[in-house]
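I have placed the structure first, in the form of structure tokens, so that the comments after it can refer back to it.
The values are calculated or read from the model by the stated rules, or taken from the named source; none is laboratory data. Worth saying up front: this structure is predicted, and the values here are computed from it rather than measured. Don't worry about glycine lacking a Cβ; one is built from the backbone with ideal geometry, like all the others, and counts go over all protein chains shown. Calculation scope for accessible area: heavy atoms of the full protein, side chains included, ligands and nucleic acids excluded. Shrake-Rupley method; radii C 1.70, N 1.55, O 1.52, S 1.80 Å.
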Amino acid sequence: LQNRAVTVPLIALLLLAIFSASAIATPKIAKGPYIIFPGNNTEMMVLWQVNETTTCALDWGLDPTCTSGSLLTEERSPTHEHSVTLVDLIPGEHYYYSVTILEEIHTGDFFAAPPEDAASLKFMAYGDTRTYIRHHNEVCSAMLATLTENPEYQTLLVHSGDWVTAGATETCWKVEYFSRGASNAVALQASLPIQGCTGNHELYTDPPPKLGIDTLYRKYWPYPYVDERYWSFDYGPAHFVVLDQYTNYNRFGELDQSQLAWLEDDLGANSKDWTFIILHEPGYSAAGGNANIRLHLQPLCEEYGVDIVFAGHYHCYARAIKNGVLHITTGGGGAPLGVLMPGPSSLVVSARSLHFCKIKIDGPTLTLTVVTPDDNVLDEYTIEHDE
């Protein structure tokens with residue numbers, strides 16, 4: 001009897017261990033699905049990560065039944081990432097997709113980029129989404145509400161860097177930007193291609209500020225880089241340039257000479273009506289700014305007619321205007337809000353608040369509206385181009 005009394009609990013524990021191991025080994029989604037615009041208006045990249053090695057199915061189409069195409073995908077790395085670049089899309093059309101992992105089905109949708117001759121565009125911008133998951137989720141909730149109220153904003157989402165607290169540490173990507181518990185963030189990532197730049201925290205190990213490398217950033221955001229982590233793309237009536245201030249890991253916040261030479265060539269070849277630069281550390285903001293940007297980037301912005309420089313780094317909102325160039329600090333995506341400090345003479349507006357930016361282009365007119373998660377307007381500004 002004693003042997004039997006001992007054996008039954010042992011069997012129960014053994015069965016529990018077997019079932020627990022089986023549950024852990026079951027392939028499930030770990031991150032995504034999320035989307036990236038690769039720079040061609042007939043393409044879109046869908047990405048996701050699974051917790052185990054498995055084959056997945058991706059289906060897509062012009063309606064929720066996703067009957068236009070279907071394929072099986074294999075992981076592209078030892079950490080179980082999958083990605084598919086959809087091609088031959090119709091510019092401006094609304095597409096739906098689904099990712100199937102065994103019995104799990106995860107859905108999303110997007111609009112293919114507009115035709116090259118499009119004269120209007122709406123998009124959103126934010127940044128510094130690290131650390132406070134709940135706050136980031138609140139901002140994402142407000143952006144989802146914007147998409148519901150005005151589907152024309154379902155184009156792309158600009159990110160000004162510092163996605164997570166320590167980007168060289170896998171856990172930070174898992175529990176912060178790609179948190180499965182942040183349902184609004186998950187939904188937004190499945191519905192908008194996110195185009196962003198590297199922040200200084202993307203190079204940190206945990207705990208910061210120890211310096212790591214950008215392997216994880218490149219893994220999750222495989223943009224079509226020209227070199228290091230900078231590149232550019234056209235989207236409707238606008239040209240977007242994404243810069244990398246951290247090519248030298250021992251010196252933060254600078255633009256190296258090869259990147260500046262590429263930038264000048266890129267801006268010189270640009271034929272779009274509107275031009276935007278995305279980087280992390282601003283030159284003009286509510287806490288001063290990066291002298292390197294003021295010295296080297298500002299003259300190029302003036303010479304080549306850059307309309308807006310979007311940045312983050314300072315956890316606030318700020319609008320500065322320097323010789324006709326608008327400098328926007330949008331660092332209120334979820335990071336701990338910073339203390340506002342006196343800024344340069346070019347600083348016009350600043351606010352210590354969670355927020356995101358809505359940008360509306362209608363021919364020669366651009367309207368910037370900055371709103372909080374509770375729909376309070378922090379700032380509004382209009383740029384008019386000569387026709």
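Contact map, the stretch 345-367: residues that are closer than 27 Å to Y132 by Cβ paired with residues that are open to solvent by 40 Å² or more (accessible area, probe 1.4 Å) and charged (D, E, K, R), Cβ distance under 8 Å, separation 6+ or inter-chain. Pairs shown: L354/E138.
Confirm whether V377 is touching a strand residue (DSSP E or B) at 6+ places or on another chain (Cβ under 6 Å), at pLDDT below 95 and open to solvent by 10 Å² or more (accessible area, probe 1.4 Å). Can you show your working first?
Numbers: touching a strand residue (DSSP E or B) at 6+ places or on another chain (Cβ under 6 Å): yes; at pLDDT below 95: no; open to solvent by 10 Å² or more (accessible area, probe 1.4 Å): yes.
For V377, the condition - touching a strand residue (DSSP E or B) at 6+ places or on another chain (Cβ under 6 Å), at pLDDT below 95 and open to solvent by 10 Å² or more (accessible area, probe 1.4 Å) - is not met.
Within the stretch 330-344, which residues are within 30 Å of L188 (Cβ to Cβ) and free of Cβ contacts under 8 Å to residues at least 60 places away in the same chain? Walk me through it before giving the result.
Filtering the stretch 330-344 down to residues within 30 Å of L188 (Cβ to Cβ) leaves 330-340.
Hits for the stretch 330-344 are L337, G338, V339, L340.
When each of T79, T131 is tested for being open to solvent by 50 Å² or more (accessible area, probe 1.4 Å) and within 20 Å of W221 (Cα to Cα), the lone residue that passes is T79.
For the stretch 84-92, indicate whether the set of residues that are in contact with a His (Cβ under 6 Å, 6 or more places away or on another chain), modelled with pLDDT of 95 or more, open to solvent by 30 Å² or more (accessible area, probe 1.4 Å) and on the phi < 0 side of the Ramachandran plot is non-empty. No, every residue in the stretch 84-92 fails to be in contact with a His (Cβ under 6 Å, 6 or more places away or on another chain), modelled with pLDDT of 95 or more, open to solvent by 30 Å² or more (accessible area, probe 1.4 Å) and on the phi < 0 side of the Ramachandran plot. The listed residues are L297, L326, and the only one of them that is more than 22 Å from the chain's Cα centre (by Cα), open to solvent by less than 50 Å² (accessible area, probe 1.4 Å), closer than 30 Å to D117 by Cα and modelled with pLDDT of 95 or more turns out to be L297.
Can you confirm whether T54 is of a type in the set (S, T, N, Q) and under 30 Å from V175 (Cβ atoms)? Yes; evaluated as a whole, the condition is true for this residue.
Within the stretch 348-355, is even one residue open to solvent by 10 Å² or more (accessible area, probe 1.4 Å), within 21 Å of V241 (Cα to Cα) and more than 21 Å from the chain's Cα centre (by Cα)?
First, pick out the residues of the stretch 348-355 that are open to solvent by 10 Å² or more (accessible area, probe 1.4 Å): 348-354.
Still in the list and also within 21 Å of V241 (Cα to Cα): none.
Looking for residues that are open to solvent by 10 Å² or more (accessible area, probe 1.4 Å), within 21 Å of V241 (Cα to Cα) and more than 21 Å from the chain's Cα centre (by Cα), one finds none in the stretch 348-355, hence no.
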